[in-house]
Structure formats: C-alpha cells, structure tokens
Amino acid sequence: MKKKNKNNKKKEKIFIPNFTLFLALIFFLMGAFPAYGYWSMRKNCTYETKGIVISEESGKTTDLYHTVEGWYISRRPGYGYSGRYDKHWIKIEVETDSIFKHEYLYADVGYGSKDDEIIIRYNPNNPDEYYFAVSYNGYKSTAMVLFFICGGMIVLSVFLFIHYNRPLLFPKKKDK
C-alpha cells in the first residue's frame with residue numbers, strides 16, 4: 001500500500017508544476033493574439049481621420065450580407081425574436097480624404113454617443129484596414145492582463161517545482 005501511495009506522490013510532484021506551466025502557455029497564447037493585433041494596428045495604421053457620430057440605431061435584419069449595416073450586425077449577432085438578428089449600433093459620418101473613401105462607418109454603441117467626435121486611424125496602403133482610436137487600448141489591456149496571469153503562473157510553477165523537489169535541490173548535509 002505504501003509503494004502505491006509513494007508512486008502517486010511522485011506523479012503529483014511531476015504533474016502539478018507541469019500542468020501549471022501548460023496553463024501558463026495557454027494564457028500566453030491567449031495574450032499573444034490581442035498583442036499581435038495591438039502591435040500590427042500600431043505599426044500599419046499611421047494615418048488619421050475624424051468622424052462624427054450622427055445617430056444611434058437599433059434594429060432587426062434578415063438580410064445580413066448585402067448592406068453595410070448588415071455586415072456590421074453579422075459580426076457579433078444577438079438572436080432576437082423569430083430568428084432575426086437584434087443589434088444596437090452607432091453610425092459615424094467620416095471626413096474622407098484622397099485615401100480613405102468610407103463615408104460612413106458603423107460601430108458598437110460604446111464607442112460614442114450622438115455628436116461625439118471619433119478618431120479613426122487607417123493603413124494608407126490598405127484603407128479597408130482601420131480601427132477606432134478608443135478600441136485600441138482594449139487590445140493592449142487584454143494582452144497585458146493575460147501576460148500578467150501567465151507570468152504569475154510561471155512563478156507559481158517554479159515555486160511548486162522547488163517545493164516538491166526540495167530534497168533533490170537542497171540535500172541535507174550529514175554531520176560526521
């Protein structure tokens with residue numbers, strides 16, 4: 001009976017720190033995705049234009065793929081009654097220039113309210129790649145939180161490794 005218990009302890013000594021490192025890797029990868037979005041937007045979207053929120057709208061639609069509103073709504077739909085999509089959004093009128101040709105953009109309600117000015121940064125080589133300046137910090141914050149959790153889990157796994165392997169790492173000196 002003691003031998004079986006001893007084998008379980010050995011497995012536990014190996015499993016717990018390794019599982020913690022595995023979870024840290026998962027959190028690192030989850031943080032890498034928004035971090036990549038943050039860094040690529042910062043690097044590519046160097047030009048800036050302004051837009052003004054002209055209306056806050058909500059509605060249901062069944063034609064999700066043929067209008068700009070439909071395209072926006074189809075990105076994150078909430079199912080309404082009778083299988084239709086129910087969504088709230090804002091419509092932004094954009095100051096166009098020689099590169100950025102979108103007259104109107106659509107965003108979540110949280111980006112601003114009616115008559116607010118919104119800064120839009122875009123890639124001059126690909127004007128369809130743009131973001132709202134207020135959404136930029138969301139990527140950074142998400143990545144930082146996930147990287148912080150990852151770092152804490154790495155520290156925890158090192159602590160657990162040392163705790164479970166103390167006799168191997170710090171052998172007791174024998175008195176003669």
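Run the simple label-point estimate for residue 104 and residue 16 please: 7 Å along Cα→C-beta, distance reported in nm. Once both label points are built, they end up 6.0 nm from each other.
Longer than 23 Å from Cα to Cα, which of 50/114; 9/174; 50/101; 43/101 are they? Say none if no pair is. As for pairs spanning more than 23 Å Cα to Cα, those are 9/174. Spacing of the modelled spin labels on residue 163 and residue 140, each 7 Å from Cα toward Cβ, amounts to 3.6 nm.
FYI, it's all coordinate maths here, none of it is from the lab. Keep in mind the model is a prediction, meaning the values are calculated, not measured. All Cβ positions, even for glycine, are placed from backbone atoms using ideal geometry, and neighbour counts span all protein chains on display.
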